[in-house]
1. Nearest-5 percent of antiparallel DSSP beta bridges in the stretch 108-181?
2. Using alpha-carbon positions, what is the distance between the centroids of the stretch 138-203 and the stretch 109-136, in Å?
3. Can you run the Rg to Rh ratio on the stretch 127-196? Use alpha carbon positions and the Kirkwood inverse-distance Rh.
4. Excluding ligands, DNA and RNA, what is the solvent-accessible area per residue of the chain at a probe of 1.4 Å, expressed in Å²?
5. Please give the charge dipole size of the chain, origin at the Cα centre, charges +1 on K and R Cβ atoms and -1 on D and E Cβ atoms. Round to the nearest 20 debye.
6. Return the carbon/sulfur percentage of the accessible area of the chain, one whole number, probe 1.4 Å, all protein chains in place.
7. Based on the Cβ-Cβ distance from residue 101 to residue 166, what FRET efficiency comes out when R0 is 45 Å, to the nearest 0.05?
8. If amide H atoms are built 1.01 Å from N in the plane of the peptide, which residues on other chains or at least 5 residues away come under 5 Å of the amide H of residue 5?
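The values are calculated or read from the model by the stated rules, or taken from the named source; none is laboratory data. Model, not experiment: these values are computed from the prediction. Cβ placement follows ideal geometry from the backbone for every residue including glycine, while neighbour counts extend to all protein chains displayed. We work out accessible area using only protein heavy atoms, side chains counted, and drop any ligands, DNA or RNA first. Shrake-Rupley method; radii C 1.70, N 1.55, O 1.52, S 1.80 Å.
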Amino acid sequence: MTAYAAVVLAGGAARRMGGRDKPAVPVHGRSMRDRVLAAVADAVPRVLVGPGGSLPADVLVTREEPAGGGPVAATAAGLALLHPGTTVVALLAADLPLLTRPAVGVLLDALATESGPGASDGVCLLDDRGRRQPLCGVWRVPPLHAALARVAARRAGALAGASMRELLSELTVREWAWSAAGPPPWFDCDTDSDVRRAEEWTR
């Protein structure tokens, strides 16, 4: 499977990093946001949900409503910019500096192996503690839209404040434990110490 879109969520408050623009924090000389966008360079389109800045010309930028409304609202905002015929989307946090195109390819291939009734709606990585990383995964767009609609219906049309756990409860999820050599692509940076650890991995 090669045809896919990508939605990168970059609008978090980053409270544990002093509230600064976390996706813009550099890891080994390159911002985390740019590293994630590079991992999906072949996606069409690439959508960034959050503050813009200096970005490749093909990257579309939007914001969730309201700004800071959380990852589910941001997911809906990103999907709204996809072409109507888009069937698969990589949904990614912007603080995954170790993500690579091969890792995205593993997820795309895993999703492509399933078809017909009972097929998974998406595939996401598990971290080293066996926890789902929904913002490091690939998803079928129609069921993702349907899940968003069901969550919105329960919340009187408002997605702000909804959790990814609530959204995933509406989907059939295939979990994928990363076993390849090298840095773990699911590693996200929530603190300065996480950034330092990522720096060590990228040296």
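1. The answer is about 50 percent antiparallel.
2. Cα centroid to Cα centroid, the span is 11 Å.
3. Result for the stretch 127-196 is an Rg/Rh of 1.05.
4. 46 Å²
5. Dipole magnitude for the chain comes out near 300 debye.
6. Within the chain, the accessible surface is 53 percent carbon and sulfur.
7. Working: r = 30 Å, r/R0 = 0.67.
That gives a FRET efficiency of 0.90.
8. The list, which skips near neighbours in sequence, is 44, 88, 89, 90.
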